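Student: Take a look at this one; I'll ask things after.
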Amino acid sequence: MQSTTEHASSSTIPPTSTAISPALPAPRWENRLRAIVIVIARLALAYLFFTQLWWKLPPRFGCPADFVLKQEDGKGGYNKSSGLCTYLGYEVIFADKGPRKFLVAEPKYLAGSPIQEISVDLTWLTRLNGQIVQNFIGPNVRWFGYVIWFSEFAVFVLLFLGLFTRIGGLIALGISLQLTIGLAGTPLPGDYEWEWAYNQMVVLSLLMIGLTPGRIFGLDALIRKRAAPAAQRGNLFAKLIMLAS
């Protein structure tokens, strides 16, 4: 009798739930704000590449008639060059100008700090980049300039339209990484190439790959609607479209 009573009383006690309550949905204004910020980032990176198309237009890419790269003249100055050839030349010149450090922070300005500098030394990579520019890109700039220009043009078009934004982000990432390695932190004549100007391009490119902002106010949203049924049926081409957008 006692066991029956205990069983009855215990059955009336609701079991302790260990389930986690589902998170509340984000407010509508927050979702809209997130979408607006993502689209702004996409258009900003697209416009950045758009602004860089004009000073190196084909077929000369702003270079002199002989397509000579910027070089040191042995007198503390430089030879006459222009356009794309100038900046390619600087990548070669500064590849061997002492150690090239990235992600530099300087706790030395804090009194009594035992750490003077935090950085990543990538001198070996900048020298490798300099060798590639000097021995391959530079001698072939007459046609390789088209590769550079149309790559940047493709980034602008893809990101501006929100079309295959993941591909646009990948191209932008490749360009941004190369520019970072070649020019970031270099003391160009009359100027200084602030490292984080290039680092921010890398970060924005990564966001384009991860966030695929063309799905918001972009053509990717329309493409995915058409490709999704075929992708679910196992169509390889449709799956690639879904991946790229």
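Student: Taking the condition of being touching a Ser or Thr at 6+ places or on another chain (Cβ under 6 Å) and either within 14 Å of GLN178 (Cβ to Cβ) or in contact (Cβ under 8 Å) with a residue 12 or more places away in the chain (or both), how many residues in segment 104-131 meet it? Working first, answer last.
Tutor: Taking segment 104-131 as the starting set, the residues that turn out to be touching a Ser or Thr at 6+ places or on another chain (Cβ under 6 Å) are 104, 107.
Subset that is either within 14 Å of GLN178 (Cβ to Cβ) or in contact (Cβ under 8 Å) with a residue 12 or more places away in the chain (or both): 104.
Qualifying residue count, segment 104-131: 1.
Student: Another one. Give the residue that is surrounded by the fewest Cβ atoms within 10 Å (Cβ to Cβ), with candidates limited to residues of segment 81-104 that are under 14 Å from TRP124 (Cβ atoms) and at pLDDT 90 or above.
Tutor: Ranking the candidates gives PRO99 first.
Student: Applying the selection to segment 61-80, what residues are closer than 19 Å to TYR146 by Cβ, buried (at least 17 other Cβ atoms within 10 Å of the Cβ) and not hydrophobic (A, V, I, L, M, F, W, C)?
Tutor: Selection gives GLY62 alone.
Student: What number of residues within segment 181-201 are farther than 11 Å from LEU45 by Cβ, among the aliphatic types (A, V, I, L, M) and out of contact with any Asp or Glu (no Cβ under 8 Å at 6 or more places or on another chain)? Outline the logic, then answer.
Tutor: Just the residues of segment 181-201 that are farther than 11 Å from LEU45 by Cβ, to begin with: 181-199.
With among the aliphatic types (A, V, I, L, M) added as a condition, the list becomes 181, 183-184, 188, 197.
Add one more test, that the residue is out of contact with any Asp or Glu (no Cβ under 8 Å at 6 or more places or on another chain), and what stays is 181, 188, 197.
Number satisfying all stated conditions: 3.
Student: While we're on this one: Are there any pairs, at least 6 apart or on different chains, whose C-beta atoms fall under 6 Å, with the first in segment 189-213 and among the aromatic types (Phe, Trp, Tyr) and the second part of a helix (DSSP H, G or I), and if so, which?
Tutor: From segment 189-213, the pairs are TYR198/LEU179; TYR198/THR180.
Student: Confirm whether GLY168 is touching a residue at least 12 places away in the same chain (Cβ under 8 Å), in a helix (DSSP H, G or I) and buried (at least 17 other Cβ atoms within 10 Å of the Cβ). Give the derivation first.
Tutor: Working: touching a residue at least 12 places away in the same chain (Cβ under 8 Å): yes; in a helix (DSSP H, G or I): yes; buried (at least 17 other Cβ atoms within 10 Å of the Cβ): yes.
Against the criterion (touching a residue at least 12 places away in the same chain (Cβ under 8 Å), in a helix (DSSP H, G or I) and buried (at least 17 other Cβ atoms within 10 Å of the Cβ)), GLY168 qualifies.
Student: Sticking with this one: Of all the residues that make up segment 183-229, how many are within 30 Å of SER119 (Cα to Cα), more than 15 Å from the chain's Cα centre (by Cα) and modelled with pLDDT of 95 or more? Step through it out loud before you land on a result.
Tutor: From segment 183-229, those within 30 Å of SER119 (Cα to Cα) are 183-211; that's our starting set.
Adding the requirement that they be more than 15 Å from the chain's Cα centre (by Cα) leaves 183, 185-194.
Next, from what is left, pick out any that are modelled with pLDDT of 95 or more: 183.
So the answer is 1.
Student: Being β-branched (Val, Ile, Thr) and assigned to a helix (DSSP H, G or I) is the filter here, so list the residues in segment 196-212 that pass it.
Tutor: VAL202, VAL203, ILE209
Student: Return only the number of the condition from (1) surrounded by fewer than 18 Cβ atoms within 10 Å (Cβ to Cβ); (2) under 12 Å from the mean Cα position of the chain (by Cα); (3) closer than 17 Å to THR86 by Cα that PHE144 does not satisfy.
Tutor: Only one criterion in (1) surrounded by fewer than 18 Cβ atoms within 10 Å (Cβ to Cβ); (2) under 12 Å from the mean Cα position of the chain (by Cα); (3) closer than 17 Å to THR86 by Cα is unmet by PHE144, namely (2).
Student: In segment 76-119, which residues are part of a loop (DSSP other than H, G, I, E, B), in contact with an Asp or Glu (Cβ under 8 Å, 6 or more places away or on another chain) and among the charged types (D, E, K, R)?
Tutor: Matches in segment 76-119: ARG100, GLU106, GLU117.
Student: Listed residues PHE217, PHE153; which is among the aromatic types (Phe, Trp, Tyr) and part of a helix (DSSP H, G or I)?
Tutor: On the way: PHE217 fails: part of a helix (DSSP H, G or I).
So the residue among PHE217, PHE153 that is among the aromatic types (Phe, Trp, Tyr) and part of a helix (DSSP H, G or I) is PHE153.
Student: Okay, next question. Just to be sure before I move on: is LEU163 at pLDDT 95 or above and either part of a helix (DSSP H, G or I) or under 30 Å from PHE94 (Cβ atoms) (or both) in the structure I sent?
Tutor: Details: at pLDDT 95 or above: yes; either part of a helix (DSSP H, G or I) or under 30 Å from PHE94 (Cβ atoms) (or both): no.
So LEU163 fails the test.
The values are calculated or read from the model by the stated rules, or taken from the named source; none is laboratory data. On a predicted model such as this, the values are computed, not experimentally measured, just so you know. Counting neighbours? That spans all protein chains shown, and the Cβs are built from the backbone with ideal geometry, glycine included.
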